[in-house]
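Working notes, beginning with the structure itself.
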Amino acid sequence: MGTLFKLEEKKEIELLGVEAEIYSHKVFGSKHIHLKSDSDEKSFVVAFRTIPHDSTGVAHILEHTVLCGSQRFPVRDPFFMMIRRSLSTFMNAMTSQDTTMYPFATLNDQDFKNLLDVYLDATFFPNLNELDFMQEGHRIEIGSDHTGKDMLILKGVVYNEMKGAMSSVSSQLYQGLSEFLYSESTYKHNSGGDPGSIPQLTYQDLVSFHKKHYHPSNAVFL
């Protein structure tokens, strides 16, 4: 791993046929976990600890917005452009209750390098344009009701996604139980975003959340 990373632990996981090496960065302390196996897949993940303090869905909306263009790749949507051009066998981004991760896998060496460049630049140096936040998070548009009368409509990619996700009884039951069972922890919040709380998120909240959480000292590379 060169001079920047120090080997902390090395062990064989026989059940999985994997040799695991755990490194730590000498400056930032970030972890790099290298898994060596006989698989032809070349996989990579960069993950961040993203602890929400409310149900505005800031981590989820940020996950979407960082993939809307970065310093080296200032195109509208490099993520979906790479899906069309890449040989990847897996490519995604996801937000859990306390983590946001960006994984991909490919069988091609050059494709691996291309995807790695796009993913690292997107996560650490995103443009985070306000218009992209409005598209991915929430915005108000003029629409019409069933009679054709003009009315204001709340829209947004994540807002609409979470309206659908929280429309099921099982999702509402799970969230309700979490609020009572984990009332003293971050797990009481809806990390994906509650449709009733998402409109409270501001653009500055999004930028501040990225500045605080998307840093090498808070990252794990695998």
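The lysines within cross-link reach of residue 149, meaning a Cα-to-Cα straight distance under 26 Å and a gap of 8 or more places when in the same chain, are 163.
Proximity of backbone amide H atoms, modeled 1.01 Å from N, is registered between residue 50 and 99, 100 at under 5 Å, excluding neighbours fewer than 5 places apart on the same chain.
With contributions of -39500 (n - 2.57) from each DSSP H run of at least four residues, the per-residue ellipticity at 222 nm computed over the chain stands at -9500 deg cm²/dmol.
In this structure the chain gives 58 Å² per residue of accessible area when probed at 1.4 Å with all protein chains present. Among all the lysines, which ones have a C-alpha under 28 Å from residue 10's C-alpha, if same-chain residues fewer than 8 places away are not counted? Filter leaves 26, 31, 36, 42, 113. Radius of gyration over Kirkwood radius for the range 1-81, both on Cα atoms: the Rg/Rh ratio is 1.07.
State, as an integer percentage, the relative contact order of the range 1-145 based on alpha-carbon contacts under 8 Å between residues 6 or more apart. It would help to have the intermediate numbers written out before the result.
On the way: 215 pairs, mean separation 32.3, N = 145.
In percent, rounded to a whole number, it is 22.
Using the beta-carbon distance between residue 169 and residue 53 and R0 = 25 Å, what value does 1/(1 + (r/R0)^6) give for FRET efficiency, to the nearest 0.05? All intermediate terms of the calculation are to be shown ahead of the outcome.
Numbers: r = 27 Å, r/R0 = 1.09.
Computed FRET efficiency for residue 169 and residue 53 comes out at 0.40.
Applying the Karplus relation 6.51 cos²θ - 1.76 cosθ + 1.60 with θ = phi - 60° to the range 133-147 yields 3J(HN,Hα) values of 4, 5, 6, 7, x, 7, 7, 10, 10, 8, x, 9, 8, 5, 8 Hz, where x marks Gly and Pro.
Protection proxy ranking, highest mean first, for peptides 43-56, 207-220: 43-56, 207-220, where packing is the per-residue count of other beta-carbon atoms within 10 Å, averaged. Net charge dipole, the range 128-184: roughly 200 debye, given to the nearest 20, about the Cα centre with Cβ charges of +1 for Lys and Arg and -1 for Asp and Glu.
May I ask you to derive the relative contact order of the range 102-222, considering only C-alpha pairs under 8 Å and at least 6 residues apart, and to give it as an integer percent? Don't skip to the end; give the middle numbers.
Details: 80 pairs, mean separation 23.6, N = 121.
Reported relative contact order: 19 percent.
The aspartates and glutamates within cross-link reach of residue 6, meaning a Cα-to-Cα straight distance under 18 Å and a gap of 8 or more places when in the same chain, are 19, 21. Quick one: Debye curve from the alpha-carbon atoms of the chain only, equal weights, vacuum; give me log10 I(q)/I(0) at q = 0.12, 0.17 Å⁻¹ to two decimals. Listed by q, the Debye log ratios stand at -0.76, -1.28.
Amide H contacts for residue 70 (H built 1.01 Å from N in the peptide plane; partners 5 or more residues away or on another chain; cut-off under 5 Å): 75, 127. The fraction of Cα-Cα pairs per 5 angstrom bin, counted from 0 for the range 45-97, comes to 4, 16, 24, 22, 18, 11, 4, 1 percent, rounded to whole percents.
Residues in the range 114-120 carry Karplus couplings, in order, of 4, 5, 4, 4, 5, 5, 5 Hz; the curve used is 6.51 cos²θ - 1.76 cosθ + 1.60 with θ = phi - 60°, and Gly or Pro positions show x. Over the range 130-181, the Kirkwood radius and the radius of gyration, each from Cα atoms, give a ratio Rg/Rh of 1.15. For the range 94-152, a crude dipole built from +1 on the beta carbon of Lys and Arg and -1 on the beta carbon of Asp and Glu, taken about the Cα centre, is about 80 debye to the nearest 20.
At a 10 angstrom cut-off on C-beta neighbours, averaged per residue, how do the peptides 193-203, 90-100 rank from highest to lowest? It would help to have the intermediate numbers written out before the result.
Details: 193-203: 19.0, 90-100: 16.0.
The packing order, highest mean first, is 193-203, 90-100.
Just the number: Rg to Rh for the range 103-149, Cα atoms, Kirkwood Rh, two decimals. Write down the numbers at each step before the final one.
Details: Rg = 18.8 Å, Rh = 14.2 Å.
Looking at the range 103-149, the ratio lands at 1.33.
Per-peptide packing, taken as the mean over residues of other Cβ atoms within 10 Å, places 111-124, 152-165, 57-70, 12-25 in the sequence 57-70, 111-124, 152-165, 12-25 from highest down. If R0 is 41 Å, the Cβ-Cβ spacing of residue 207 and residue 14 corresponds to a FRET efficiency of close to 0.35.
Whole-Hz Karplus values for the range 49-55 come out as 7, 10, 9, x, 10, 7, 10 Hz, taken residue by residue from phi with 6.51 cos²θ - 1.76 cosθ + 1.60 and θ = phi - 60°; glycine and proline positions read x.
For the chain, a crude dipole built from +1 on the beta carbon of Lys and Arg and -1 on the beta carbon of Asp and Glu, taken about the Cα centre, is about 420 debye to the nearest 20.
The values are calculated or read from the model by the stated rules, or taken from the named source; none is laboratory data. Quick caveat: nothing in here was measured; it's all calculated off a predicted structure. As a convention, Cβ positions derive from the backbone with ideal geometry for all residues, glycine included, and neighbour counts pool all protein chains shown. For the accessible areas, the whole protein counts, side chains as well, though only heavy atoms, and no ligand, DNA or RNA atoms are used. Shrake-Rupley method; radii C 1.70, N 1.55, O 1.52, S 1.80 Å.
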